[in-house]
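Data block below; observations after.
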Amino acid sequence: MRVFLGWLRGERGHCGMVAIPALEEEDDRRPSRERESLVGERTRIINRVKAILAWLGIRSFNPKLRRVVECLDALRTPDGVPLPPNTVDELRRDMTRLAMIREKIKAIEEARLARLEQAPVTGPHAMVRLIASVIGIGVETADMLVQEVLSRNLRDRRAVARYAGLTGAPDESGSKRWEKGLAKAGNARVRRGLIQLAWRFLRFQNDSALAQWFRARTDGPSGSRKTKMIVALARKLLIALWRMVTIGDIPAGVALRQPA
């Protein structure tokens, strides 16, 4: 009650109001989140199949192949013994689930591409197309960033970085102050995607100003650790993409795909 009364009196910084997204905005995030869940399930199945085969001494079998079910009967252990029947049945069921998950992922990706082609030239879909034009950023990453953070009405670049959980968490006591690492209070999905994107950005945008900034601080014997600086690069990259979709400011040195 005291917090609410302070807000009614107009006291600055007394409390902050949560911006509740509309139902349509939350619905637009469902395909990307469902695909992420399916990709995680696909990885778990593949790892489980590899673990079973490693238990039998088979390490050269690739469960990612399309015709993997047809090769199960021909598999032999290093001793030349066929696979146990219960193990073969379990592997077949895993392969069936894996094929079903692949079909679901493909359906989500095709539906998203169809929506992008039919969407208007303004709004979140235009942001997705703009970010996907950067070499090294795919449609899936662009769609995740736009739906999760870039389409939100955030106040400034500090709010953008805080939403992704890429800011520091200082601990102060009197005159002493030290960093405790990342705050990790923001969107974990955006944070994971940005860390992966930052490593990929260094590969495909080697001549950009952000990549040169990273190399200047990590190369040489006195350079900082890359695992720490990649977080700073991810924060700078997120702010650069936010400026790109809001005011049209293309990051310096970033190469774009040529329109078809």
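The values are calculated or read from the model by the stated rules, or taken from the named source; none is laboratory data. Because the structure is predicted, anything quoted here is derived from the model rather than measured. Glycine also receives a Cβ, built like all others from the backbone with ideal geometry; neighbour counts cover every protein chain displayed. Surface accessibility is based on the protein's heavy atoms, side chains included, excluding ligands, DNA and RNA. Shrake-Rupley method; radii C 1.70, N 1.55, O 1.52, S 1.80 Å.
What the table below lists for this structure:
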read-out: Some residue of region 163-180 being at pLDDT 85 or above, closer than 24 Å to Val18 by Cα and not in a loop (DSSP other than H, G, I, E, B); value: yes
read-out: Cross-chain or 6+ apart pairs with Cβ under 6 Å, region 200-216 first and of a type in the set (Gly, Ala, Ser), then assigned to a helix (DSSP H, G or I) and modelled with pLDDT of 90 or more; value: Ala211/Leu202
read-out: Answer from Arg203, Arg192 - the residue that is surrounded by fewer than 17 Cβ atoms within 10 Å (Cβ to Cβ), under 24 Å from Glu140 (Cα atoms) and under 16 Å from the mean Cα position of the chain (by Cα); value: Arg192
read-out: Among (1) open to solvent by 80 Å² or more (accessible area, probe 1.4 Å); (2) touching a His at 6+ places or on another chain (Cβ under 7 Å) - the single one Leu116 does not satisfy; value: (1)
read-out: In region 206-245, the residues that are among the hydroxyl-bearing types (Ser, Thr, Tyr), touching a helix residue (DSSP H, G or I) at 6+ places or on another chain (Cβ under 8 Å) and part of a helix (DSSP H, G or I); value: Thr218
read-out: Subset tally (residues that are in contact (Cβ under 8 Å) with a residue 60 or more places away in the chain, open to solvent by 70 Å² or more (accessible area, probe 1.4 Å) and either in contact with a Lys or Arg (Cβ under 7 Å, 6 or more places away or on another chain) or not in a helix (DSSP H, G or I) (or both)) for region 3-35; value: 1
read-out: Extreme residue, modelled with the lowest pLDDT, among residues of region 201-260 that are of a type in the set (S, T, N, Q) and more than 24 Å from Arg162 (Cα to Cα); value: Ser222
